[in-house]
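Taken together, the values in this text are just the output of simple stated rules run on the coordinates, not laboratory data. The structure displayed is predicted, hence computed values, not measured ones. Here the Cβ positions follow ideal geometry from the backbone for every residue, glycine too, while neighbour counts run over all protein chains shown.
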Amino acid sequence: MTELPTRNDIKKGLMVEVETKKDQGTGRLTVGTVKEILTASKYHPYGIKVRLQSGQVGRVKKITTAITEKQTRSFTNLDIKSIPKTENKYNEL
C-alpha cells in the first residue's frame, strides 16, 4: 500500500484525489482543489480530511500534481502570440 500524504504535504490550491464518505470502500476517488484542511494532526491513518473548492469533503489519498490551481490558470492564460519567434540560419529549408 502506498503512503498517504501528510498534512505538511497538502496546501490550499493543490489538486488532490480524495475518498468521500459515500465512496468509502468502493475505491472511487474524487479529484478536486483543496479549499480548506480540516484535520488538525500531521497524519491520519485514513488520510488528511479536506474540503474541496466544490464543497465536497474527503480524505486525501493522493496528490495529483504539484501545480496549484493558480499556476494552472497562469498557463491557461498564456498568449502564444506574445512569444517572439526567433530566427536563425537553421530554420530555413
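The table below lists the values:
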| item | result |
| --- | --- |
| Separation in nanometres of the label points that stand 7 Å from Cα toward Cβ, at GLN24 and SER54 | 2.0 |
| Distance in nm between pseudo-label sites at ASP9 and ALA40 (7 Å out along the Cβ direction from Cα) | 2.4 |
